[in-house]
Each structure stands twice: as C-alpha cells, then as structure tokens.
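The values are calculated or read from the model by the stated rules, or taken from the named source; none is laboratory data. It should be emphasised that the depicted structure is a prediction, and the values quoted were computed from it without experimental measurement. Here the Cβ positions follow ideal geometry from the backbone for every residue, glycine too, while neighbour counts run over all protein chains shown.
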Amino acid sequence: MSTEPKVKGPASYFPSIEKTYGKPISHWIAILEGLGQSKHMDYVVHLKSAHQLGHGHANALVAHFLAEKAVN
C-alpha cells in the first residue's frame, strides 16, 4: 500500500493532461500567465479553442492557476 497521500482537486488531472497533450503543466501555466488578467471561463475558453484541450482539463488547469495566484 502506498504511503503517499492521494492527490485531490484540480491537480488530480495533471498526469492525464501531461499524457494526453504531451506538455508539462508548467507549459500550460505559462500560457495562462501570458494571457494577463482574465475571468475563469475566459481562460478555459482560450485553452479549449486555441489549444484543443478538453473542458475538464482546461477547467482543472485554470482552477489550479487561479488558486495559486490567490495564495501568492
């Protein structure tokens, strides 16, 4: 049995995002940072339309990005 805690929340999507799109999470975070200040759904729409991410993956990336931004 693994002693590592199970990843929850948006980060639980990260392994699938990296496998599906072939880019590290840092790549997607850099794209979001480059968009400047925006609303959650505007970021999601951009990832879906410009980079062909699925809704769930785009939403998870944006939720994580905005949560990290709020902490820092």
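Points worth noting:
- Residues that are more than 20 Å from Gly9 (Cα to Cα) and among the acidic types (Asp, Glu) within region 22-72 comprise Glu33, Asp42, listed in sequence order.
- Considering region 1-31, and only residues there that are loosely packed, with under 11 Cβ neighbours inside 10 Å and at pLDDT below 95, the residue that is nearest to Val62 (Cα to Cα) turns out to be Gly9.
- Each residue in region 1-60 was checked for being of a type in the set (S, T, N, Q) and touching a Phe, Trp or Tyr at 6+ places or on another chain (Cβ under 9 Å), and 2 pass.
- Region 52-72 residues that are touching a residue at least 60 places away in the same chain (Cβ under 8 Å), paired with ones that are small (Gly, Ala, Ser) and assigned to a helix (DSSP H, G or I) (beta carbon under 7 Å, 6 or more apart): none
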